[in-house]
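I'd like to ask you about the structure that follows.
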Amino acid sequence: MDKYSNFKLKIEAKPSLFHGRTVRKAVGQSLWYRIRDYILQKDTPVCSICGFSPQQDEMWNLHLHEIEHYDFENIVVKLSGLNLICANCHAFHHFGFTQLYSSKEKMERLIEHFVKVNECEINDFKECRKSLLFRRHSSSEVESKKTKSNLSFQEILAGNYTVRYAIIGDIPFKDEVIEKLNKKGVYYQYK
Ligand SMILES: [Zn+2]
Ligand SMILES: [Zn+2]
């Protein structure tokens with residue numbers, strides 16, 4: 001039914017409850033860079049969405065996107081895998097953030113990328129953006145009610161709650177990641 005469902009590049013945004021909360025931040029830079037290096041050495045470094053292949057000195061253009069699922073009830077980010085994608089494609093996976101922090105020129109370049117990758121029209125981009133807004137209508141307030149603790153909207157804005165993390169897929173250095181999360185008291189184990 002949705003003609004956009006087979007677009008290679010989709011527009012997504014992270015639920016407000018989990019804004020800024022990632023395994024990457026929780027485990028810290030040095031472990032994260034080791035994971036990234038490991039994946040870069042193992043795979044051919046290309047964007048798994050658009051196929052962009054950076055020069056050796058442009059590797060920073062490839063990001064590790066965390067494939068996440070969300071458990072609202074227990075406030076848990078479930079990491080199921082890592083996806084190597086270019087900075088331009090990545091911007092569409094965190095589109096709420098991108099819209100807030102991108103200049104007009106940057107947005108124009110990103111839209112060009114979207115149109116090229118999906119071989120579509122600018123209008124298709126606008127439709128996709130609209131549907132994201134629509135999906136996000138059920139924002140913080142609704143999300144808060146799904147939690148066991150019934151966080152208030154204010155508490156969510158203030159970020160006054162603990163997000164925990166579960167690793168439900170295979171990632172490099174998984175044991176170390178779990179150990180690190182455990183040490184910080186933010187690991188969540190599903191029975
Ligand atoms: Zn890409
Ligand atoms: Zn990402």
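Note the per residue figure in Å³ for the convex hull of the C-alpha positions in the stretch 16-183. Please report the intermediate quantities before stating the final value.
Working: hull volume 22.3 nm³, N = 168.
So the per-residue Cα hull volume is 133 Å³.
Could you give me the ³J(HN,Hα) list for the stretch 7-16, computed from phi with Karplus coefficients 6.51, -1.76, 1.60 and θ = phi - 60°, whole Hz, x at Gly and Pro?
5, 5, 10, 10, 9, 10, 8, 7, x, 3
Also, I was wondering about something else. Pop a pseudo-label 7 angstrom from the Cα along the beta-carbon direction at both E121 and T162 and give the gap in nm to one decimal.
5.3 nm
Sticking with this structure for a sec: Taking R0 as 41 Å, what's the FRET efficiency between D2 and E176 from their Cβ-Cβ distance, rounded to 0.05?
Numbers: r = 40 Å, r/R0 = 0.97.
For R0 = 41 Å, the calculated efficiency reads 0.55.
While we're looking at this one, here's another question. About its Cα centre, how strong a charge dipole does the stretch 1-64 have in debye, to the nearest 20, once Lys and Arg get +1 and Asp and Glu get -1 at the Cβ?
Dipole size: approximately 320 debye.
Listing V142, V117, V23 from the residue with the fewest other Cβ atoms within 10 Å to the one with the most, what is the order?
The order, fewest Cβ neighbours first, is V142, V117, V23.
In debye, nearest 20: dipole of the chain around its Cα centre with unit charges on the Cβ of K, R (+) and D, E (-)? Each step should come with its number before you reach the end.
Numbers: 29 positive and 24 negative charges, 110 e Å.
My answer is approximately 520 debye.
Cut-off is 10 Å between beta-carbons; in what order do W60, W32 appear when sorted fewest neighbours first? Write down the numbers at each step before the final one.
Numbers: W60 8, W32 18.
If I rank by nearby Cβ atoms, fewest first, I get W60, W32.
May I ask for the distance between the Cα centers of the stretch 102-121 and the stretch 1-32, given as a whole number of Å?
One Cα centre to the other: 19 Å.
Roughly speaking, what is the stretch gain from Y38 to S149, that is 0.36 nm per residue apart minus the C-alpha to C-alpha distance, in nm to one decimal? Write out the running numbers ahead of the final one.
Working: separation 111, 0.36 × 111 = 39.96 nm, distance 3.84 nm.
Value of the extension gain: 36.1 nm.
Now for a different question. Once fully extended, how much extra length lies between Q29 and Q189, figured as 0.36 nm per residue of separation less the alpha-carbon to alpha-carbon distance? Walk me through the numbers before you get to the answer.
Values: separation 160, 0.36 × 160 = 57.60 nm, distance 2.30 nm.
So the extension gain works out to 55.3 nm.
Next question. By the scheme Lys and Arg +1, Asp and Glu -1, what is the net charge of all other residues having a beta-carbon under 12 Å from that of F72? Please report the intermediate quantities before stating the final value.
Values: positive: K78, K145, K146, K148; negative: D71, E73, E143.
Net charge around F72: +1.
Now, a different point. Net charge near P45, counting Lys/Arg +1 and Asp/Glu -1 over other residues with Cβ under 13 Å of its Cβ? Walk me through the intermediate numbers first.
Details: positive: R36, K42; negative: D37, D43, D57, E58.
That works out to -2.
We did not get these values from a lab; they are worked out from the coordinates using the rules stated. Everything quoted here is computed from the prediction, not taken from an experiment. All Cβ positions, even for glycine, are placed from backbone atoms using ideal geometry, and neighbour counts span all protein chains on display.
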